[in-house]
Every structure is written in C-alpha cells, then in structure tokens.
Amino acid sequence: MHGKAMMRISLLFLLLLSVPAAAQRDPAWEAQYKQRFTELMKAGGIMTVYSPMEEVKGAAKPELIPMAKPGERSIRPEALEKAQAYAAANNSSAFLVWRDGKLQAAWFPAGSDVHSQLVSKSLSKPVSAIAIGRAIQLGKIRSPDQPVADFVPEWKGTPKEAILVRHLLDMRSGLMPQGFSDDPDHPMNRAYIDPDHGQQIVDNYPLTQPPGSEYGYNNATAELVALVIERATGRRYAEFIGTEILQPLGAEGGKIWVNREGGLAHSGCCMTMPAENWLKLAILLLDDGVWNGKRLLPEGFVKDMRTPTPQNPHFGMGLWLGEGYDERR
C-alpha cells in the first residue's frame, strides 16, 4: 500500500477516535437528556420527579422500632407535645423521638404513616458513606484512603489520580463545587441528569483544586460513590444497599433514582425510604456500626465519619456535624 493511502487511513482512524462521546452513544439518551434539561429549567434547577427508580429490597420481615409504653417514657409528655406541634407547624414529613431503645413519640402528617416512602434528598450522602464502610468491612475497599483511581482507572496518570475515597465523602475531591448553569452542555447539568451521568462525571467534570486542599460541596462528587461501590463489589448499588445495610437492620425497602433503566444509581440524592429506616441508620452510627451484636462497619469508621476536616469544621464523611460539634465525643 502506498504511503499516502496509509496516511489517509491512519488519519481517518484518528478522526473516528476523536468523535465526541455524545455523538457515539444511543441517540435516545440525548433526547432523554434534552427532555430532562427542559424540566430542570422549568423547576428552577432542582429535579422534583425522579425517574426511573430501582427497587432497594429490605428485610423479608421488617421489624418496627417498639413504642415505649406511657410508664416507660423518659421524656416529659409536655415536651414531646410541644416538639410534635413544632414539627407539624413546619410541614415535617415525620416526627420520631427515640431514646433508651424505644420510640418516645411518633407522628406522621395526614395521608402518611410509618410505611410511607420519604424522599431523602441529601440524606442519601450519609447512606453512601455507610455503603463505603460496609464495603471496607467486606474487604472490597481497603480503606477510606484508597485512591478512587483504583476503581476508576480512567483517571490513572491524570491529576484526578490523587482523589481518595475519603474525598468523595468529605467533599474535598477538588472537583468543581456545586452551582447552577442554564447551559445544557455544562458539566454540572450533565453530571446531574444525563442518562450516563457517572461516565460524564468521570470523563468531563473538571478538577478545579488539588484533591484534599479545599472543601467544596458537590453532588457530582457524591454521585461517584455508587460507581465506586459497583466497580469494587461487582454488584448493583441498589442491591448492595438492600442486602448489606437494610436487611441486616430489619428495615423496610425503598427505591433509588437511576440514570436510566439498568443504569447507574444516584448516590448523592433522592433515595426513598420510610422514616424509621433513617432512624435505624442513625442508631447504627450511634452504636459504632454494630447492630444486634454484628459489626456492619469497621471499628473506627463511624469516628471517621464524625471527624471534621481542617477545611470545614462542620462536615465529616457524609455527615453535617453542626455548630459547636465536639469531635472528642
């Protein structure tokens, strides 16, 4: 073959390799993305409809947290009544007070009950941190300080190689902080509603600071946890959460938003579960990751979750720590 012909073939090959990812993928994904973007702009930049959803299977026989009898309650009734009235006045989705192993009070607004599914919003973030802890306990991840690039090899040899699993949880990844854009091709929008949002984050979401150097609240950072869990365990995120966390807690199941049917879950937002599930997760953390005598999370992992970083004294790994938080507790 002549040299010029070989050169033309090589040039054609390089051009094929350089075609943008959006042009190579299923056109239906792009149509779905455009529809979601239109809905997003109409809603002021916050999605209110999460579709499709994937089932997160809970325990076969869920166990409700027992209610304390009147004589067993250790909180003054008038204090509970005042707190419940405050919850109702502020349009709360549920009001639960737990102490000494039992519920001291429980209230749900009209039309809902103990089994009603509540949209988590960013409560999904501590769930994702618990998922990382569970994967560490199972030996699928070495520690919070393992490089994310071990599970996202696309980052090998790039500045993103310095991002640790810990940084996904404490918001110090160095990836561009959360914001708003009305540009349909902006990485923030692609990372949020694209039918392949995980790969969009991996390939296109910009690094704006050295990993570990600054705190920057960022849904895209949290969304990568589902990708890490799936690649580390070889299991779907929803199945892992259900089997490894909810079922050991005797908790009911729920649903999780996925970018498309059979696609990647959104680990940073919008899982739905009953109110008692969230309480059980809180009790698990209070008991250092142990439930009914079984250790679900590594010893010391909860302390890590509750430890702030120098860049933000009010945020740990997936947890807001509040004003005046004492890390010695």
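Observations on the structure shown:
- Relative contact order [Cα under 8 Å, 6+ residues apart], the chain, whole percent: 23
- Separation of the residue 154 and residue 47 label points, Cα + 7 Å toward Cβ, nm: 1.7
- Its DSSP H runs of at least 4 residues, each contributing -39,500 (n - 2.57), put the calculated 222 nm mean residue ellipticity of the chain at -10500 deg cm²/dmol, to the nearest 500.
- Of the accessible area of the chain, computed with a 1.4 Å probe over protein heavy atoms only, carbon and sulfur atoms account for 56 percent.
- Bridging of residue 303 to lysines at a Cα separation below 25 Å is possible for 102, 121, 125, 140, 280, 294, once same-chain residues fewer than 8 apart are set aside.
- Protection proxy ranking of 203-210, 84-91, 134-141, by the mean of other Cβ atoms within 10 Å over each peptide's residues and highest first, is 134-141, 203-210, 84-91.
- At least 15 Å along the helix axis (C-alpha) and Kyte average at least -0.5, DSSP helices within the chain: 3-17, 77-89, 124-137, 219-233, 275-286
- Remark: relative contact order (the range 224-285) = 31 percent; criterion is Cα-Cα distance under 8 angstrom and separation of 6 or more residues.
- Per-peptide average of other Cβ atoms within 10 Å, ordering 63-70, 281-288 highest first: 281-288, 63-70
- Solvent-accessible area of residue 266, all protein chains in place: 0 Å² (probe radius 1.4 Å, heavy atoms, ligands and nucleic acids excluded).
- For the chain, the per residue solvent-accessible surface stands at 50 Å², with DNA, RNA and ligands left out and a 1.4 Å probe.
- Spin-label zone in the range 178-194 - amide nitrogen under 15 Å from a point set 7 Å from the Cα of residue 217 along the C-beta vector: 178-180
- With R₀ set to 30 Å, the beta-carbon distance separating residue 112 from residue 34 gives a calculated FRET efficiency near 0.30.
The values are calculated or read from the model by the stated rules, or taken from the named source; none is laboratory data. This is a predicted model, so every value here is computed, not measured. So basically every Cβ, Gly included, is an ideal-geometry build from the backbone, and we count neighbours across all protein chains shown. Calculation scope for accessible area: heavy atoms of the full protein, side chains included, ligands and nucleic acids excluded. Shrake-Rupley method; radii C 1.70, N 1.55, O 1.52, S 1.80 Å.
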